[in-house]
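K.L.:
Provided herewith is a single structure, encoded as structure tokens, for subsequent inquiry.
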Amino acid sequence: MRIGLIGTGRIGTFHAEVLSRHPAVDSLLVADADPERAAVAATRTGASAVPVDAMFTGGGRDRPDALVICSATAAHASLIARAARAGLPAFCEKPIALDLPGTLGALAEVEAAGSILQLGFMRRFDAGYGEARAAVREGRLGRLHTVRAVTSDPAPPPADYLPLSGGLYRDCLVHDFDVLRWVTGREVSEVYATGSDAGPAMFRAAGDVDTAAALLTLDDGTLATATATRCNGAGYDVRMELAGELDQIAVGLDDRTPLTSAEPEGPGAPAKPWPGFLERFAPAYEAELDAFLRVARGELANPCDGREALHALRIAEACEISRRERRPVAMEEIPGG
């Protein structure tokens, strides 16, 4: 297969490296709004650097069989639409867009063209989350009553990223919202959310929060909490705990979890805590791209289409309203359901 990749920043270059060594990829084309950055990534991965427009209009060697979109978030929706109109199966890093109108517009383009769009919610491809899903679906936990999700970054992102990120709920917790639905098989019916900007001043300047919490009621009465922070100095911490009437399990609990027990006989600090998302979820990123190549070849049903991203974004939107207006928000208030 000839694969095109647009966006050669940190995650784009990581994906390019994965694709460059995949046995199904015969050639890799990379493009970026900054041609010099694309050239660097091409040299690093053995790919060919081409202009962005060539991915859609070029012939011969510049025309890919499928497209991976890792550009700046603001360009996602337009690139998804262009891929749909060009008949290119597309994989896109989340989100489709930072707002509901942009998301719905891009999805309308995909649906009108009848094309393929897979979204990059990599936790669906993580072994721990997959096992948790199986445990819930097979009834091993009994009636599920409580879910606790945690996402903690070890350090804040650059200040100039914050105004472009969409905020902590849309940028970070959206992963928890997606995997909560995927693991439990239930929908969120109501949210109540709050946040704190008591950390670095750049969050207040951007109108964002550095720490957030949400209480989510699922449609079967299960209660879930989701918390996130940009300021977890112990390391990168992503976990999910699921408690039922028969048993309780945890995802993301291993010898690299940045958590120290306060009990005299409990485990101490990990020798090598997870430093970031690329390290923690490297196998999941590889698995989701492998799945996309199989989807593009018609060998696999789409494991995470655009509508799944819409559901997660709607939950994030509800949380933003709840935080701003200091009230519970029913999901039926949010358009696009």
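K.L.:
In nanometres, what is the gap between the two model label sites at Ala75 and Cys231, each 7 Å from Cα along Cα-to-Cβ?
P.N.:
3.3
K.L.:
Now a separate question. Subtract the Cα-Cα distance of Asp160 and His22 from 0.36 nm times their separation in residues, and report this length gain in nm to one decimal. It would help to have the intermediate numbers written out before the result.
P.N.:
Working: separation 138, 0.36 × 138 = 49.68 nm, distance 3.41 nm.
Contour length minus the Cα-Cα distance gives 46.3 nm.
K.L.:
Give me the number: length gained by fully extending Leu246 to Asp65, i.e. 0.36 nm times residue separation minus the C-alpha to C-alpha distance, one decimal in nm.
P.N.:
60.4 nm
K.L.:
In whole percent, how big is the carbon plus sulfur part of the accessible area of segment 2-115, probe 1.4 Å, protein atoms only?
P.N.:
Here carbon and sulfur together make up 52 percent of the probe-accessible area.
K.L.:
Heavy atoms only, probe 1.4 angstrom, no DNA, RNA or ligands counted: give me Arg133, Arg297 ranked by accessible area, highest first.
P.N.:
The ranking, largest first, comes out as Arg297, Arg133.
K.L.:
What is the helix-to-structure angle for 174-184, meaning the angle in degrees between its Cα long axis and the longest Cα principal axis of the chain, kept from 0 to 90 and rounded to the nearest 10?
P.N.:
That helix lies at roughly 70 degrees to the long axis.
K.L.:
Give me the distance in nm between label points sitting 7 Å out from Cα along the Cα-to-Cβ direction at Glu111 and Glu332, one decimal.
P.N.:
2.1
K.L.:
Continuing with the same structure: At a Förster radius of 35 Å, what calculated FRET efficiency corresponds to the Cβ-Cβ distance of Glu279 and Thr57, to the nearest 0.05? All intermediate terms of the calculation are to be shown ahead of the outcome.
P.N.:
Numbers: r = 37 Å, r/R0 = 1.07.
Computed FRET efficiency for Glu279 and Thr57 comes out at 0.40.
K.L.:
Taking the Cα centre as origin and putting +1 on Lys and Arg beta-carbons and -1 on Asp and Glu beta-carbons, what dipole magnitude results for the chain, to the nearest 20 debye?
P.N.:
Dipole of the chain, to the nearest 20 debye: 420 debye.
K.L.:
Per DSSP H run of at least 4 residues, take -39500 (n - 2.57); add these up for the chain, divide by its residues and hand me the 222 nm value, nearest 500 deg cm²/dmol.
P.N.:
After summing the helix terms and dividing by the residues of the chain, the value is -10500 deg cm²/dmol.
K.L.:
Output the 0 to 90 degree angle, nearest 10, between the alpha-carbon long axis of helix 127-137 and the longest principal axis computed from the alpha carbons of the chain.
P.N.:
Orientation of helix 127-137: about 60 degrees from the principal axis.
K.L.:
Among Pro156, Gly142, Phe125, pick out the residue whose Cα is farthest towards the positive end of the charge dipole of segment 101-161, where Lys and Arg carry +1 and Asp and Glu carry -1 on C-beta, about the Cα centre.
P.N.:
It is Gly142.
K.L.:
With a 1.4 Å probe and all protein chains left in place, how much accessible area per residue does the chain have, in Å²?
P.N.:
Here the residues of the chain average 43 Å² of exposed surface.
K.L.:
Which value, in debye to the nearest 20, gives the size of the charge dipole of segment 2-115 about its Cα centre, when Lys and Arg are +1 and Asp and Glu are -1 at the Cβ?
P.N.:
220
K.L.:
Express the carbon and sulfur contribution to the solvent-accessible surface of segment 130-203 as a percent, rounded to the nearest whole number, probe 1.4 angstrom.
P.N.:
About 54 percent, which is the carbon plus sulfur part of the accessible surface.
K.L.:
Can I ask one more? Expressed as an acute angle from 0 to 90° and rounded to the nearest 10, what is the orientation of the C-alpha long axis of helix 100-113 relative to the principal long axis of the chain?
P.N.:
50
The values are calculated or read from the model by the stated rules, or taken from the named source; none is laboratory data. The structure presented is a predicted model; accordingly, all values stated were derived computationally and were not measured. Ideal geometry is used to build each Cβ from the backbone, glycine not excepted, and the neighbour counts take in all protein chains shown. Ligands, DNA and RNA are excluded from the accessible area calculation, which covers all protein heavy atoms including side chains. Shrake-Rupley method; radii C 1.70, N 1.55, O 1.52, S 1.80 Å.
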